[in-house]
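**Q** Input: one structure, supplied below.
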Amino acid sequence: MNYEQILKRVEKPTRYIGEEWGSVKKDPEKVKTQFLLAFPDLYEVGMSHLGLHILYGLVNDHEDFLCERVFAPAEDMENFIRQGKTSLLSLETKREVKDFDLVGFTLQYEMSYTTILNMLDLAGLALRSKDRKEEDPVIIAGGPCAFNPEPMSVFFDLFVLGDGEEVLPELLTLYPKTKSKDEFLQKAMEIRGVYVPKYYEEIRENGKLKGYKPLLERAPMPIQKALVNNLDTAFYPSQMITPYMDIVHDRAVMEIFRGCTKGCRFCQAGMIYRPVRERSLEQLLKAIDGILTQGGYDELGLSSLSTLDYSRIHELIEELTSRYSREELSISLPSLRLDTFSIDVLKHLEKQRKGSLTFAPEAGSQRMRDVINKNVEEEDLFSTMEAIFKEGYKKVKFYFMMGLPTETLADVEEISDLSKRVYALYQKTTGRRDLHITVSTSCLVPKPYTPFQWMEQESVESFEEKQDLLKSLIRGRNYRYDHHDARTSVLEGHISRGDRAMADVIEAAYRKGALFDSWRDRFRYEVWEEAFEEQGVDLSKPLSFAMDDFLPWDHIDVGVKKSYLKSEWEKAQTGALTPDCREGCLGCGVNLPQFGGICHVM
C-alpha cells in the first residue's frame with residue numbers, strides 16, 4: 001500500500017498532504033541545515049499557532065536552511081504507522097523525522113507532553129536523549145512551557161528559552177560547523193537563551209532540591225532568556241500558509257506587540273514576556289497588507305496579551321477599516337478591557353456584525369479582583385456593559401477563575417450574582433429580555449514566575465464543589481455555564497511546577513496509554529493517577545513551596561526578580577493593588593543591563 005492509498009483511507013487526508021498555498025519546498029541537497037518544526041497536536045490545531053508561521057518563514061527565508069513541518073497524527077494514521085505501512089513524515093517532502101538535522105518541538109501546554117513522546121516513538125527515536133544515537137537529529141524545544149524545562153529535560157537535547165527568532169538562526173548556522181552532537185551542544189550553550197540540561201547536575205539534600213551545578217565551565221548560570229529588542233526589525237512572514245481544511249482559528253493574524261504591563265498576579269505570560277515591545281504603526285500596516293493580499297483572508301486577528309493597550313490602537317483600527325471597507329474585512333479582537341476605552345474602539349468597527357463580546361473580569365467579587373491585581377472596579381464593569389448594550393450587543397461572554405488565594409464559596413457565588421446583575425442592567429437599558437450570557441470558569445494553575453508560584457493549588461474535589469455550586473445558581477435560557485475539567489488543571493499544576501523526577505511520571509503515563517491529554521474525549525485521569533502512584537507521588541496531595549525553597553526553575557532568569565514576585569504575593573494576601581507599570585517603573589527587573597535595559601514604559 002503506497003502513501004496515496006493510505007491517504008484515501010484516513011478520515012482527514014488534508015492533515016498530511018502539504019502543498020498548501022504559502023508552503024515552501026526546498027531541495028535538501030542545496031541547504032546546509034535541515035530543520036523540522038514539530039507540533040504535538042493535530043494539524044488543525046498546530047496550523048492555528050502564530051509562532052509556527054513565524055519560525056517556518058524565518059528559517060525558509062534563509063538560503064542555507066530549510067524548514068518543514070510535522071504534526072501529531074490522528075489515530076487512524078497512527079495505526080498505519082504502527083503497522084509499518086508508512087512512517088511519520090514531513091508535510092513538504094514526505095521524509096522521515098530521522099532525515100533532519102534538528103527537530104524542534106513547541107511546548108505550549110503541559111498536557112501535550114505525552115503526545116511529544118508518542119511522536120518521538122513513531123519516528124523511531126529513543127524517548128530519552130541519552131539513549132539516542134549520534135546520527136539521530138538534535139531534538140530541541142521552545143515555547144512558554146520551556147521556561148520550566150525540568151519535567152521534560154531528559155527527553156530533549158536542548159531548550160530555547162525566550163524569543164525563538166533570536167536563537168534559532170544561530171543554532172542552524174552553528175550546526176554544520178560542528179563535527180559531533182556534543183561539540184554542537186557545548187558551543188550552543190554560549191548562545192543566550194540556550195539550556196542544555198545534560199551539562200547541569202541537580203544538588204539535593206535529604207531528597208530536596210537545593211540547586212543545579214554546571215558540569216562544564218562554559219555552562220552559564222543562570223541561563224538568561226533570549227530577547228528580541230526591536231519587533232520592527234524582527235522577522236514577520238509576508239504570507240501565512242493557507243490550509244486546505246478548516247482549522248481552529250482560520251484567519252490572518254498580526255502580532256502587534258509582546259509583553260504586558262498589567263501585572264495580573266496569576267498570569268505567567270505577563271511576566272515571562274516582559275518587557276513590552278511594540279511594532280510601529282507603519283510596520284503593522286505594511287505587514288497586514290502583505291498577509292491579506294497573499295492569503296485572501298476576510299478576517300484579521302490582532303494578537304497580543306492585551307491588544308487594546310497598544311499605544312496607537314485607535315489609529316490602527318481607523319486605518320484598517322478605511323483601507324479594507326470594500327473588502328468587508330472582519331477584525332477580531334481578543335478579550336476586551338472592562339472600561340469605556342473598549343467601547344471607543346468598538347465604535348470604529350460598528351459596520352461589523354454585532355456578535356458576541358468577550359470580557360475577563362476573572363473574579364466575581366471586587367475583593368478577589370484586588371487579590372489578583374486585576375485593577376477593574378465594579379463601576380467600570382457595569383458602565384462598560386451599559387455602553388455595549390446601547391450599541392446593540394446582546395451576547396456577552398465572561399471568563400472567571402476559581403481557586404484563587406483566599407477565595408471562599410461566597411466569592412464564587414458572586415460570579416452568579418454579577419451575571420444576574422448584568423442581565424438586569426440589560427433589561428433596564430434596552431427594555432428587552434434577549435441577552436445571552438455565557439459564563440466560563442477555569443481552575444487556577446499556579447505557574448512558575450508568577451506571584452502565585454508558591455501557593456497550594458486547590459484539590460479536584462474543591463474545584464468540583466465550586467463548579468457544582470455555580471451550576472445550581474446559573475440557570476435559565478438566558479445563561480450558559482461552561483467550566484474546565486478540574487482534574488486536568490490539577491494535573492497541569494503538578495507537571496508545570498515539577499522537577500526532573502516528573503519526567504519518570506510523564507513517561508510512565510505515556511507507556512500506560514496517555515495521549516492527546518488536552519482533548520477532553522482522550523484524557524484519562526486514572527492513567528495519570530497510576531503513573532504518579534508508581535513513582536511514589538500522590539496526585540491528590542496539593543503541591544506547594546515554602547518561600548525560601550529553591551524552585552525547580554530558579555536557574556532560569558526571565559528578568560523578573562524573585563523578590564518582586566514575593567512582594568506581589570504578599571500584596572495579594574491583603575488585596576493591595578499594584579498599578580500598571582506604564583504609570584511608573586515598579587522595579588520588576590527587566591530593565592536591568594543584562595536584559596538590554598529596553599523597558600521604556602516608564
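The values are calculated or read from the model by the stated rules, or taken from the named source; none is laboratory data. This structure is a prediction, so every number in the text was calculated from the model and none was measured. Please note: Cβ atoms are built from the backbone with ideal geometry, for glycine as well, and neighbour counts cover all protein chains shown. The area values use the complete protein model at the heavy-atom level, side chains included, leaving out ligands, DNA and RNA. Shrake-Rupley method; radii C 1.70, N 1.55, O 1.52, S 1.80 Å.
**Q** Please flag any cysteine in the chain that has no other cysteine's Cβ under 4.7 angstrom from its own Cβ.
**A** If one checks each Cβ against the other cysteines of the chain, Cys67, Cys145, Cys260, Cys443, Cys581, Cys585, Cys588, Cys599 turn up with nothing under 4.7 Å.
**Q** What's the center-to-center distance, using Cα atoms, between the range 490-559 and the range 56-112 in Å?
**A** Answer, in whole Å: 26.
**Q** Can you give me the Cα centroid spacing of the range 243-278 and the range 387-433 in angstrom?
**A** 26 Å
**Q** According to the square roots a ≥ b ≥ c of the eigenvalues of the Cα gyration tensor, what is the shape class of the range 467-602, taking rounded for a/c under 1.5, prolate for a/b larger than b/c otherwise, and oblate for the remainder? Each step should come with its number before you reach the end.
**A** Working: a/c = 2.31, a/b = 1.35, b/c = 1.71.
Taking the square roots of the gyration eigenvalues as a ≥ b ≥ c, the range 467-602 is oblate.
**Q** Just tell me which lysines come within less than 27 Å, Cα to Cα, of Lys466; anything on the same chain fewer than 8 places away is out.
**A** Lys374, Lys395, Lys397, Lys420, Lys447, Lys541, Lys571
**Q** Using θ = phi - 60° and the Karplus curve 6.51 cos²θ - 1.76 cosθ + 1.60, what whole-Hz ³J(HN,Hα) does each residue of the range 247-262 get, with Gly and Pro shown as x?
**A** Result, ordered by residue: 10, 4, 10, 9, 7, 6, 10, 10, 7, 8, 6, 10, x, 7, 10, 6 Hz.
**Q** Pairs of alpha-carbon atoms within less than 8 angstrom and 6+ residues apart define the contacts here; what relative contact order does the chain have, in percent? List each step's numbers first, then the result.
**A** On the way: 1074 pairs, mean separation 85.1, N = 602.
It comes to 14 percent, rounded to a whole number.
**Q** Using label points projected 7 Å from each Cα along Cα→Cβ, tell me how many nm separate Asp246 and Glu299, to one decimal.
**A** Going by the 7 Å Cα→Cβ label model, 1.0 nm.
**Q** Restricting attention to the range 337-427, which GluC sites (Glu not before Pro) occupy a DSSP loop and are surrounded by at most 14 other Cβ atoms within 10 Å?
**A** Glu350, Glu377, Glu391
**Q** Same structure, new question: With P(r) over Cα pairs in 10 Å bins from 0, in percent defined as stated, name the option among [x] 3, 16, 26, 29, 19, 7, 1, 0; [y] 3, 15, 25, 25, 17, 9, 4, 2, 1, 0, 0; [z] 3, 15, 25, 24, 14, 6, 3, 3, 3, 2, 1, 0 computed from the structure displayed.
**A** Among [x] 3, 16, 26, 29, 19, 7, 1, 0; [y] 3, 15, 25, 25, 17, 9, 4, 2, 1, 0, 0; [z] 3, 15, 25, 24, 14, 6, 3, 3, 3, 2, 1, 0, the one derived from this structure is [x].
**Q** Please give the per residue accessible area of the chain, computed with a probe of 1.4 Å over protein heavy atoms only, in Å².
**A** Details: 25280 Å² over 602 residues.
Using a 1.4 Å probe on heavy atoms only, each residue of the chain averages 42 Å².
**Q** Label-point separation (nm) for Glu134 and Thr178, each offset 7 Å from Cα along Cα-to-Cβ?
**A** 1.4 nm
**Q** Place a point 7 Å from Cα of Trp21 in the direction of its Cβ. Which residues in the range 219-245 have their backbone N less than 18 Å from it?
**A** Only 237-245 fall inside the zone, counting backbone N under 18 Å.
**Q** Which value at 222 nm does the chain reach when only helices count, each DSSP H run of 4 or more adding -39,500 (n - 2.57), with the total divided by all residues and rounded to the nearest 500 deg cm²/dmol?
**A** Counting only the DSSP helices, I get -9500 deg cm²/dmol.
**Q** Moving on. Mind listing which GluC sites (Glu not before Pro) in the range 82-141 are in a DSSP loop and have 10 or fewer other Cβ atoms within 10 Å?
**A** Values: sites: Glu92, Glu96, Glu110, Glu134, Glu135; in loops: Glu92, Glu134, Glu135.
Filter output for the range 82-141: Glu134, Glu135.
**Q** Positive end of the charge dipole of the range 473-547 (Lys, Arg +1 and Asp, Glu -1 on Cβ, about the Cα centre): tell me which of Met502, Ala531, Ser544 has its Cα farthest that way.
**A** Value computed over the given set: Ser544.
**Q** More than 21 angstrom separation, counting every C-alpha pair in the range 1-75; what % is that? Provide the component values of the computation, followed by the final result.
**A** Details: 929 of 2775 pairs.
Roughly 33 percent, once rounded to a whole number.
**Q** Would you mind telling me the share, in percent, of accessible area of the chain contributed by carbon and sulfur at probe 1.4 angstrom? Kindly include the intermediate steps, with their values, before the conclusion.
**A** On the way: 11590 of 25280 Å².
It is 46 percent, rounded to a whole number.
**Q** Now for a different question. Which lysines, if any, have their Cα less than 29 Å from the Cα of Lys25, not counting same-chain residues under 8 positions apart?
**A** Qualifying lysines at Cα under 29 Å: Lys8, Lys12, Lys85, Lys94, Lys98, Lys133, Lys177, Lys179, Lys181, Lys286.
**Q** Going by the alpha-carbon gyration tensor, a ≥ b ≥ c the square roots of its eigenvalues, is the range 74-122 rounded (a/c under 1.5) or, if a/c is not under 1.5, prolate (a/b greater than b/c) versus oblate? Intermediate results must be reported in sequence, preceding the final value.
**A** Working: a/c = 2.18, a/b = 1.20, b/c = 1.82.
Oblate is the answer for the range 74-122, as a/c is 1.5 or above yet b/c matches or exceeds a/b.
**Q** What dipole magnitude, in Debye to the nearest 20, does the chain give about its Cα centre under +1 on Lys/Arg Cβ and -1 on Asp/Glu Cβ? Spell out each step's value before the answer.
**A** Working: 78 positive and 98 negative charges, 138 e Å.
Rounded to the nearest 20 debye, it is 660 debye.
**Q** Just to confirm the filter: which trypsin sites (Lys or Arg not before Pro) across the range 3-95 are DSSP coil and have at most 11 other Cβ within 10 angstrom of their Cβ? Intermediate results must be reported in sequence, preceding the final value.
**A** On the way: sites: Lys8, Arg9, Arg15, Lys25, Lys26, Lys30, Lys32, Arg69, Arg82, Lys85, Lys94, Arg95; in loops: Lys8, Arg9, Lys25, Lys26, Lys32, Lys85, Lys94, Arg95.
For trypsin sites (Lys or Arg not before Pro) across the range 3-95 that sit outside H, G, I, E and B with at most 11 neighbouring Cβ atoms in 10 Å, the list reads Lys8.
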